[in-house]
1. Using alpha carbons only, what's the Rg to Rh ratio of the stretch 71-110 with Rh from Kirkwood?
2. Between Thr69 and Ser103, what length in nm is gained on full extension when 0.36 nm per residue of separation is reduced by their alpha carbon distance?
3. What does the charge count near Val244 come to, summing +1 for each Lys or Arg and -1 for each Asp or Glu among other residues with Cβ under 13 Å from its Cβ?
4. Under a Cβ-only charge scheme (Lys and Arg +1, Asp and Glu -1), can you give me the dipole magnitude of the chain about the Cα centre, in debye to the nearest 20?
5. Among Gly202, Ile257, Ile97, whose Cα sits farthest toward the positive end of the charge dipole of the chain (+1 at Cβ of Lys/Arg, -1 at Cβ of Asp/Glu, about the Cα centre)?
6. Given Cα pairs under 8 Å that are at least 6 residues apart, what percent is the relative contact order of the chain?
7. Name the residues whose placed amide hydrogens come within less than 5 Å of the amide hydrogen of Thr163, ignoring near sequence neighbours (fewer than 5 apart) on the same chain.
Amino acid sequence: MTVHPIRFSSFKLIAACLLLAAPTLVFGDMIRSVSSENSSALPLTLNATMPITEVVTVQPIIVSNTDGTNTAEFFGTPTQQGLIEGFVDDIWAQAGIDILFLSPNTWNDTFANVGTLDPRPTSDLNTVVTNGDLAGVGSTDANTIDMYFVEVAAGFSPLSDNTAAGLAFVGAPGVTQFVGDNLPTFTAGQEVVASVVAHEIGHNLGLPHIVEVENLMQAGGSPNPGERLNASQITTALNSNLSVLIPEPSSVALMVIGAFAMMLLRFRQPRA
Ligand SMILES: [Zn+2]
């Protein structure tokens with residue numbers, strides 16, 4: 001088969017333009033609040049889990065102002081962080097997806113942290129993601145989700161310490177996420193943080209908003225909040241480039257045995 005280099009590269013150029021154009025067009029947001037353990041907050045509302053077959057990697061970037069002050073909340077103490085990440089895993093286990101949070105990067109950048117307009121335009125998400133890559137705090141892996149923890153999420157005004165809100169690309173990696181300072185300190189708050197973060201990850205995996213009671217991808221978590229995923233959403237998420245197959249232990253073992261056998265064969269070949 002002959003490959004025509006010019007045609008091939010024009011095709012790649014067009015494909016690249018389409019990919020670059022997509023994130024600027026579609027955003028998905030989410031906001032939820034809970035003020036205390038005794039409020040009407042429900043525990044996570046989930047369907048059955050599936051065996052874990054794929055992994056989605058998230059690179060958190062904790063943003064401060066340029067002078068190092070006004071640092072955005074992430075997931076609280078290491079203990080609280082473990083609980084919140086556990087709840088995010090519980091939600092995505094419905095799709096057989098493990099969510100892997102990498103060790104957070106930090107970034108001092110006032111524009112990324114709070115923006116200049118109230119409310120922040122949704123287009124600030126593009127600027128934050130682009131500038132974060134230039135500053136070297138975003139992941140260099142195209143399949144990793146860069147999640148910027150900021151004091152004011154793109155698309156929002158400043159919010160209370162009992163609120164979590166995020167804005168995400170739909171079908172492309174990139175999130176600006178606000179976590180109110182109080183939320184990581186109690187279970188219902190940890191669940192609200194996990195629910196919003198899992199919702200934003202859903203957008204990146206290609207899920208739009210849906211009107212379906214107790215579904216994770218409802219706009220604003222209404223009419224009836226919950227974290228369920230339906231079969232069609234699970235298929236979409238698993239087909240996303242951001243969700244990467246985890247090799248089964250048996251196939252890893254086969255690959256190792258195969259590589260070893262090939263090494264032995266090479267070794268036994270007579271040399272000239
Ligand atoms: Zn949304």
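A short reminder: the numbers here are calculations on the coordinates, not readings from a lab. No experiment lies behind these values; they were computed from the predicted model shown. Don't worry about glycine lacking a Cβ; one is built from the backbone with ideal geometry, like all the others, and counts go over all protein chains shown.
1. Radius of gyration over Kirkwood radius for the stretch 71-110 works out to 1.07.
2. Details: separation 34, 0.36 × 34 = 12.24 nm, distance 2.08 nm.
Additional length available on full extension: 10.2 nm.
3. Net charge in that neighbourhood comes out at -3.
4. In debye, rounded to 20, the chain gives about 1460.
5. Farthest along the dipole direction, towards plus: Ile257.
6. In percent, rounded to a whole number, it is 25.
7. Gly180
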